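The values are calculated or read from the model by the stated rules, or taken from the named source; none is laboratory data. Quick caveat: nothing in here was measured; it's all calculated off a predicted structure. FYI the Cβ positions are ideal-geometry reconstructions off the backbone, even for glycines, and counts take in every protein chain you see. Quick note on the areas: whole protein, heavy atoms, side chains included, nothing else; ligands and nucleic acids left out. Shrake-Rupley method; radii C 1.70, N 1.55, O 1.52, S 1.80 Å.
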Amino acid sequence: MNIRKTMTLWLLLIAAAASAQDAQQELKERIQRSASNYYAYPGPLQQQLTPAPKGYKPYYISHYGRHGSRHLISNGDYDNAYRPLKKAAAYGKLTPLGEDVLRRLTLIREAAVKRHGELTPLGAEQHREIAHRMYERFPEVFKGKTNIDAKSTVVIRCILSMENALQELKALNPELNITHDASEHDMWYMNFDAKDISRKRWNNEASNALNDFKRRHANYSRLMRTLFNDEQYLKDSVDQPALNYYLWKQAGNVQSTELRNELSLYDLYTDQEVYDNWLIENASWYCSYGAYKLNGSVMPFSQRNLLRVMMEEADSLLQLKHPGASLRYGHEVCVMPLACLLEMDQCGLATDNLDELVTKGWLNYHIFPMGCNVQLVFYRSKKPNDPILVKALLNENETTLPLKAVSGPYYKWSDFRDYFLRKLDGYRE
């Protein structure tokens, strides 16, 4: 190997190590990020947006956002952590720490009774704030008696997220003409059940690779010994991987509830345990919705209907003098693959090596926290013959696209449309 190749290899290795260290540092700085899809919406990291090219103003927004923070979905999400500890307590098998964790789990479980999957007050606040920033950042889009068309999936947490956003916009501009709907009629693109895609997700090769990754990063033995006082009971009577999974899920979701300022479960974990638990979640979500080569890199196409609708509606509405905004409210299983389909920043990463995800910057907490959203913001020039421009925001932060930019994060709409129509047309079921 010559000197140049050796130096190149070393530089790549150094960059990869730095990326991994960056992720570990980000989790140390804000442990809540390790919750993956349970990470409560942090707001935009980018406070100042890049000015548009001279003469251009925003005039239309096409948006898809996930519901805000919620309670966990089912009884099992709570009971599968609570019941093993409750049973062990009855036999005197918990340490003092185990008893205290049971106390905390009891409070969390009781707070969610008959509210499984429902929007929390924090989730409502997140959407009011997102709408407020959208209005402040792009006032030209929302001025006067413009039309705002909003749609939600039929799930109540999504409907309430939409309504909170619309109430905020109406308060900011009472003249807005708002239409809003939540119907099975639109579920074919608002939350498409892509069975042709899901059938390909877990072939033997993909499943084996993920299972191997999980085994290498399983890290819960120390935690279990701090909760239970009897090694034999722990070995014979506790499903340790399952208990770790549900404890981790509860730890992540406390930040979305009204208990977030009263208790935490993150004190149970070491930094390395936090990192390993997150690595497993990061890889699992990538395999399910990223461009994972071992299942054909097709998972992002689960949102092909959504992207087509967004482009078709934009083509139609951009002909209007003042088209307003199209706002859509749904789920993370749409936002994440949509961001991957659009190849926003590192979201489009295609690899067959799950160990590369962190080193190449595919970090799920940057993509799909509670309230995550994709915004396509369209700009036109004062000069009628100038092209329409578009920029893409992920969680209100400007992103790169796989296109030649006109300036900064601004791209020609014609280039965007041509590239992604070809991409969608190239997919075959």
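Annotations for the structure displayed:
- For the residues Lys293, Lys235, Lys200, a 1.4 Å probe over the protein chains yields an accessible-area ranking, largest first, of Lys235, Lys293, Lys200.
- Proximal charge balance of Glu398 [Cβ under 13 Å; K/R count +1, D/E count -1]: 0
- The mean accessible area for residues of the chain, using a 1.4 Å probe and ignoring ligands and nucleic acids, is 45 Å² per residue.
- Taking the square roots of 5 times each eigenvalue of the Cα gyration tensor of segment 55-158, largest first, gives ellipsoid semi-axes of 45, 14, 9 Å.
- The amide H of His180, built 1.01 Å from its N in the peptide plane, has Ala150 as neighbours under 5 Å, considering only residues 5 or more places off or on other chains.
- Bridging of Lys54 to lysines at a Cα separation below 20 Å is possible for Lys321, Lys382, Lys383, Lys391, Lys404, Lys412, once same-chain residues fewer than 8 apart are set aside.
- Shape analysis of segment 113-188 based on the Cα gyration tensor places the equivalent ellipsoid semi-axes at 24, 16, 9 Å, largest first.
- Crossing angle, helix 75-90 versus the chain [Cα axis fit, 0-90 degrees, rounded to tens]: 20
- Taking every DSSP helix (H) stretch of at least 4 residues in the chain, weighting each as -39,500 (n - 2.57) and dividing the sum by the residue count yields a mean residue ellipticity at 222 nm of -15000 deg cm²/dmol.
- For Lys87, the lysines whose Cα falls under 27 Å of its own Cα, not counting residues fewer than eight places away in the same chain, are Lys114, Lys235, Lys249.
- P(r) of the chain over all Cα-Cα pairs, binned every 10 Å from zero, in whole percent: 4, 20, 29, 25, 14, 6, 2, 0
- Acute angle (nearest 10 degrees) that the helix 413-425 long axis makes with the longest principal axis of the chain, alpha-carbon atoms: 50
- Backbone HN-Hα couplings from phi across segment 55-72 [Karplus 6.51/-1.76/1.60, Hz, Gly and Pro as x]: x, 9, 10, x, 9, 7, 10, 10, 9, 9, x, 7, 3, x, 3, 9, 6, 4
- Carbon/sulfur fraction of accessible area - the chain, other protein chains in place, 1.4 Å, %: 50
- Cα long-axis angle, helix 240-253 against the chain (0 to 90 degrees, to the nearest 10): 40
- Rounded to the nearest 10 Å², the accessible area of His322 at probe 1.4 Å: 60
- The residues neighbouring His71, those whose beta-carbon lies less than 14 Å from its own, together hold a net charge of +2 under the Lys/Arg +1, Asp/Glu -1 convention.
- In order along segment 295-306, the Karplus-derived 3J(HN,Hα) couplings, from 6.51 cos²θ - 1.76 cosθ + 1.60 at θ = phi - 60°, round to 10, x, 6, 9, 4, x, 6, 4, 10, 5, 5, 4 Hz, and Gly and Pro are given as x.
- Among Lys360, Lys214, the sequence by solvent-accessible area, most first, with a 1.4 Å probe is Lys360, Lys214.
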